[in-house]
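The values are calculated or read from the model by the stated rules, or taken from the named source; none is laboratory data. This is a predicted model, so every value here is computed, not measured. Every residue, glycine among them, receives a Cβ derived from its backbone with ideal geometry; neighbour counts consider all protein chains shown.
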């Protein structure tokens, strides 16, 4: 309702916010819920609660290599799941949808964007439909906040094998998708950017693997055959059933 610009004086909105505010302290350990609440109270204009939640989330963030994100409790850490993309996106929305807070400016937001960009697949989406919607909304918000009508950047890609390709991004082509096929696989590549604008570079590797052998114990295959050139046309269905038995002998 708040995203639809429903006024906070609306009785339904007031009751919802009152209920949520009463449960804030008990929900802090659930980072997903806390991220949602931080965005909710940002839209509601409750700066006191918003600041409290944003400060708490900052203490629970994971930083590595200049990026920042939030993990759910019990996460394996091997690969971020959909909920982590979603809660990190809501965290970014909370920062960008209200007044700037001390120590939480665009530099801070850019570290979140760096992590989100690393989770994006080659087709622009993320793990699921739900986290894709929220993440793209947050990235679009960041793009609007950092937009400048001036500036350009030259992105150079080089490799030890001699590749030297330059992509120029300026106001005339800033929405244009540019790509270059990298023939050295495996290979070591270096990406350098020089200029005054915000660009995103992504490397995607596509490959095929042979299908795994079929070790299923029970298998059904079907085939059909038609006989249409007779007085009574027929459709014949062949069903092949295979069942494998494994016998183990113990001495």
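Output the residue which, of all residues in the range 78-118 that are surrounded by fewer than 19 Cβ atoms within 10 Å (Cβ to Cβ) and within 10 Å of the chain's Cα centre (by Cα), is farthest from residue 40 (Cα to Cα).
Among those residues, the one meeting the criterion is 118.
For residue 124, work out the one condition from (1) surrounded by 14 or more Cβ atoms within 10 Å (Cβ to Cβ); (2) under 17 Å from the mean Cα position of the chain (by Cα); (3) assigned to a loop (DSSP other than H, G, I, E, B) it doesn't fulfil.
Residue 124 satisfies all of (1) surrounded by 14 or more Cβ atoms within 10 Å (Cβ to Cβ); (2) under 17 Å from the mean Cα position of the chain (by Cα); (3) assigned to a loop (DSSP other than H, G, I, E, B) except (1).
Could you tell me whether residue 203 is assigned to a loop (DSSP other than H, G, I, E, B), loosely packed, with under 10 Cβ neighbours inside 10 Å and in contact with a strand residue (DSSP E or B) (Cβ under 9 Å, 6 or more places away or on another chain)?
Yes, satisfied.
Within the range 14-112, considering only helices (runs of 4 or more DSSP H) that don't extend past its boundaries, which have at least 3 residues that are within 24 Å of residue 147 (Cβ to Cβ) and either modelled with pLDDT of 90 or more or touching a helix residue (DSSP H, G or I) at 6+ places or on another chain (Cβ under 9 Å) (or both)?
Filter on the range 14-112 gives 31-44, 82-96.
Which residues, taken from the range 182-194, are at pLDDT below 90 and more than 12 Å from residue 158 (Cβ to Cβ)?
Once the filter is applied, which keeps residues that are at pLDDT below 90 and more than 12 Å from residue 158 (Cβ to Cβ), the range 182-194 yields 183, 185, 186.
Return a yes/no flag: does the range 146-153 have any residue that is more than 12 Å from the chain's Cα centre (by Cα), in contact (Cβ under 8 Å) with a residue 40 or more places away in the chain and closer than 22 Å to residue 50 by Cβ.
Within the range 146-153, one or more residues are more than 12 Å from the chain's Cα centre (by Cα), in contact (Cβ under 8 Å) with a residue 40 or more places away in the chain and closer than 22 Å to residue 50 by Cβ.
So for the range 158-165 (the condition being surrounded by 14 or more Cβ atoms within 10 Å (Cβ to Cβ), touching a strand residue (DSSP E or B) at 6+ places or on another chain (Cβ under 9 Å) and modelled with pLDDT under 90), does at least one residue qualify?
no
Would you be able to tell me the number of residues in the range 169-196 that are surrounded by 11 or more Cβ atoms within 10 Å (Cβ to Cβ) and either touching a residue at least 60 places away in the same chain (Cβ under 8 Å) or in a loop (DSSP other than H, G, I, E, B) (or both)?
Within the range 169-196, residues that are surrounded by 11 or more Cβ atoms within 10 Å (Cβ to Cβ) and either touching a residue at least 60 places away in the same chain (Cβ under 8 Å) or in a loop (DSSP other than H, G, I, E, B) (or both) number 8.
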